[in-house]
Amino acid sequence: MIIKTRAIVLSALKYQEKGLIVKCLTQEVGVQTFYVPNAFSKGKSSQKIAYFQPLMNLEIEFVFKNKGTMEYFKDIKVGHVYQSLYYDFYKNSIAIFVAEVLHNSLYLQEKDQDFFNYVETALLWLDTHEQPSNFHLILLVELCKYFGFYPDTSQEQLLFFNWRDGIFTSDNDAFCFDQEQSYLFKRLLKLNFKADQNVFNSRDRKKLLNLLLIYFEEHLSSFKKPKSLEVLYEVFE
């Protein structure tokens, strides 16, 4: 079956001398892995390495065998041309981190057009707005909704957030953020892309990112802290 779909590049790993293994989130069939045998070669048959930058927005065509093996691109073109994402150092650092988070989180993700549309729309927001410093935090919170472990805020007036159970509680045990951390976390849950973005300083953002990663590691068994984390810390120091 021939599939034509929009896709977002999550990762690209060099394989042998001229090949790439590319993982994409697609609108039509969810997460798919592709083998590109000629990404580094020259000539008309080559598929340019520039297509496979982190979070690149593509329109692709491929024969979908649906056998759990790698597919091959039949046709590729850029879907949306980002204006600043790859040229702004801050935004590019965020993009690399977000791509790694999605790569580490999405394994057997099946077709979910709402999820794809959310990720695509969020990336367009990042590309076109001048205050990106909270983007990765808001995105991680929203991912919790799609992954099925969004915090229960029905008792948000309570002082502590239990990251194991995903609830606010009055009992401060070993699985709780402390009172200051819980307050920051509560504020983040109310933040969205339409709100004033000047709500956290660099120290708060670093704390919140650490809290979110703890939460992800608890609820996604295969999740690993992104290797790009230290770079992100330095960017927003």
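The values are calculated or read from the model by the stated rules, or taken from the named source; none is laboratory data. Owing to the predicted nature of the structure, the values given are computational and were not obtained by experimental measurement. Cβ coordinates were reconstructed from backbone atoms using ideal geometry, including for glycine residues, and neighbour counts include every protein chain displayed. Remember, those area values only see protein heavy atoms, side chains included, never the ligands or the DNA or RNA. Shrake-Rupley method; radii C 1.70, N 1.55, O 1.52, S 1.80 Å.
Over every pair of different alpha-carbon atoms in the stretch 71-194, take the mean of 1/r and invert it; report that Kirkwood radius in Å.
Values: mean 1/r = 0.0601 Å⁻¹.
Evaluated over the stretch 71-194, this radius sits at 16.6 Å.
With every protein chain kept in the model, how would you rank 96, 60 by accessible area, 1.4 Å probe, largest at the top? Intermediate values should be presented prior to the final figure.
Values: 96 70, 60 5 Å².
Putting 96, 60 in descending order of accessible area: 96, 60.
Leaving ligands and nucleic acids out of the surface, order 143, 189 by accessible area at 1.4 Å, largest first. Before the final figure, lay out the partial values.
Details: 143 0, 189 25 Å².
If we order 143, 189 from most to least accessible, we get 189, 143.
Return the single residue from 90, 150, 15 with maximal mean-square fluctuation; model: Gaussian network over the chain, springs between Cα atoms under 10 Å.
15
Starting at the first residue of the stretch 121-134, write each ³J(HN,Hα) from the Karplus equation 6.51 cos²θ - 1.76 cosθ + 1.60 with θ = phi - 60°, in whole Hz, x for Gly and Pro.
Per residue, the Karplus-derived 3J(HN,Hα) values read 5, 4, 5, 5, 4, 4, 5, 10, 10, 9, 10, x, 5, 9 Hz.
Give me the Kirkwood hydrodynamic radius of the stretch 25-135, using the inverse of the mean 1/r over all pairs of distinct Cα atoms, in Å to one decimal.
Values: mean 1/r = 0.0655 Å⁻¹.
Averaging 1/r across every pair of different Cα atoms and inverting gives 15.3 Å.
What does the charge count near residue 21 come to, summing +1 for each Lys or Arg and -1 for each Asp or Glu among other residues with Cβ under 14 Å from its Cβ?
Local charge sum for residue 21: +1.
Which value, in Å² rounded to 10, gives the accessible area of residue 91 with a 1.4 Å probe and all protein chains present?
For residue 91, the solvent-accessible surface is approximately 0 Å².
Average projected area of the Cα convex hull of the chain, in nm²? Walk me through the numbers on the way to the answer.
Working: hull surface 55.2 nm².
That works out to 13.8 nm², a quarter of the Cα hull's surface.
Determine the order of 129, 136 by accessible area, beginning with the largest, at a probe radius of 1.4 Å.
Details: 129 75, 136 5 Å².
So, going from the largest accessible area down, we get 129, 136.
Can you check what the net charge comes to around residue 159, using other residues whose Cβ is under 13 Å from the Cβ of residue 159 (Lys, Arg +1; Asp, Glu -1)? Present the calculation step by step, with values, prior to reporting the outcome.
Details: positive: 186; negative: 156, 171, 173, 178, 180.
Its environment carries a net charge of -4.
Remind me, what semi-axes does the stretch 138-237 give for its equivalent ellipsoid, largest first in whole Å, using sqrt of 5 times each Cα gyration tensor eigenvalue? Walk me through the numbers on the way to the answer.
Details: eigenvalues 83, 56, 39 Å².
Equivalent ellipsoid semi-axes, largest first: 20, 17, 14 Å.
Which pairs break 21 Å Cα to Cα here: 145/225; 194/227; 48/224; 65/225; 91/186?
Numbers: 145/225 19 Å; 194/227 29 Å; 48/224 29 Å; 65/225 32 Å; 91/186 25 Å.
Cα-Cα > 21 Å for 194/227; 48/224; 65/225; 91/186; rest within.
For residue 91, what is the net charge nearby, where nearby means another residue's Cβ is under 11 Å from its Cβ and Lys, Arg count +1, Asp, Glu -1? Walk me through the intermediate numbers first.
On the way: positive: none; negative: 88, 127, 130.
Around residue 91, the surrounding residues sum to -3.
In a GNM of the chain with a 10 Å cut-off on Cα contacts, which of 104, 192, 201 has the highest mean-square fluctuation?
Looking only at 104, 192, 201, the biggest GNM fluctuation is shown by 201.
Read phi for every residue in the stretch 211-216 and hand back ³J(HN,Hα) as whole Hz from Karplus 6.51 cos²θ - 1.76 cosθ + 1.60, θ = phi - 60°, with x for Gly and Pro.
5, 5, 5, 4, 5, 5
Which value in deg cm²/dmol, rounded to the nearest 500, describes the helix-derived mean residue ellipticity at 222 nm for the chain, given -39,500 (n - 2.57) per DSSP H run of n ≥ 4 and division by the residue count? Display every interim value, and only then the final one.
Working: 6 runs with 82 residues, N = 237.
After summing the helix terms and dividing by residue count, I get -11000 deg cm²/dmol.
Step through the residues of the stretch 49-57 one at a time and calculate ³J(HN,Hα) from phi using the Karplus curve (6.51 cos²θ - 1.76 cosθ + 1.60, θ = phi - 60°), rounding each to whole Hz and writing x for Gly and Pro.
3J(HN,Hα) across the stretch 49-57, in whole Hz: 4, 4, 5, 10, 5, x, 6, 4, 8.
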